[in-house]
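> Could you have a look at this structure, given as structure tokens, before my questions?
Rule-based calculations on the coordinates, nothing more; no lab input. Bear in mind that the values here come from a model prediction, so they are computed numbers and not experimental data. Positions of Cβ are generated from backbone atoms using ideal geometry, with glycine treated the same way; all protein chains shown enter the neighbour counts.
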Amino acid sequence: MDLTVWNEKDKLFLKICGEVDHHAVKDTREKVDSLILKNRPKTLIMDLSQIDFMDSSGLGFVLGRLRKMNDIKGEMLVVDPARRVEDMLKMAGADKLLKIVRTKDKIS
């Protein structure tokens with residue numbers, strides 16, 4: 001799993017690529033949580049378009065970051081999730097808890 005992170009104003013962007021499984025999420029979870037607490041962004045934007053595989057640990061990673069953002073009164077957007085990832089989010093009901101957007105949509 002590869003992670004690219006950057007800030008723009010009050011937004012924290014994450015681009016996650018590759019396989020998101022239990023081996024990959026532990027260190028990534030700690031790093032992202034630290035960035036959320038340090039930067040306190042109004043919006044966390046998670047680009048999941050380049051994920052090849054995601055298991056339940058990946059789903060837990062996404063939902064855990066949503067919880068962190070809720071704790072600081074922020075919001076979270078998932079951008080362009082890969083087809084299987086979007087299906088998993090919908091099956092888990094996560095699409096009712098967070099906003100899923102396409103890059104053709106405006107991210108505000």
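> Match the structure shown to one of the listed values (1) 13.4, 39; (2) 20.4, 71; (3) 12.5, 33 of Rg and Dmax of the Cα atoms in Å, computed from it, and give that label.
Only one option fits the structure, namely (3).
> Quick check on my link table: of 73/96; 38/90; 11/90; 42/96; 38/96, which ones sit more than 22 Å apart, alpha carbon to alpha carbon?
Values: 73/96 17 Å; 38/90 30 Å; 11/90 24 Å; 42/96 19 Å; 38/96 27 Å.
With Cα atoms farther than 22 Å apart: 38/90; 11/90; 38/96.
> With unit charges on the beta carbon (Lys/Arg positive, Asp/Glu negative), name the residue among 28, 18, 44 whose Cα is farthest towards the positive pole of the charge dipole of the chain.
44
> Helix by helix through the chain, keep the DSSP H runs that span 18 Å or more along the axis on Cα and average at least -1.0 on Kyte-Doolittle, and give those back in order.
Membrane-span-like by this rule: 22-39, 56-71.
> Please give the charge dipole size of the stretch 1-59, origin at the Cα centre, charges +1 on K and R Cβ atoms and -1 on D and E Cβ atoms. Round to the nearest 20 debye. Write out the running numbers ahead of the final one.
On the way: 9 positive and 11 negative charges, 97 e Å.
The dipole of the stretch 1-59 has a size of about 460 debye.
> Amide H neighbours of residue 100 under 5 Å, at least 5 residues apart or on other chains, H built in the peptide plane: list them.
78
> Among the trypsin sites (Lys or Arg not before Pro) within the stretch 29-65, which fall in a DSSP loop and have no more than 11 other Cβ atoms within 10 Å of their own Cβ?
Sites meeting the loop and neighbour criteria: none at all.
> Under 10 Å, Cα contacts only: if you run a Gaussian network model on the chain, which one of 46, 91, 54 comes out with the highest mean-square fluctuation?
Among 46, 91, 54, the largest GNM mean-square fluctuation belongs to 91.
> If one computes the Cα centroid of the stretch 86-101 and of the stretch 15-82, what distance in Å separates the two points?
If we compute the Cα centre of each part, the gap is 13 Å.
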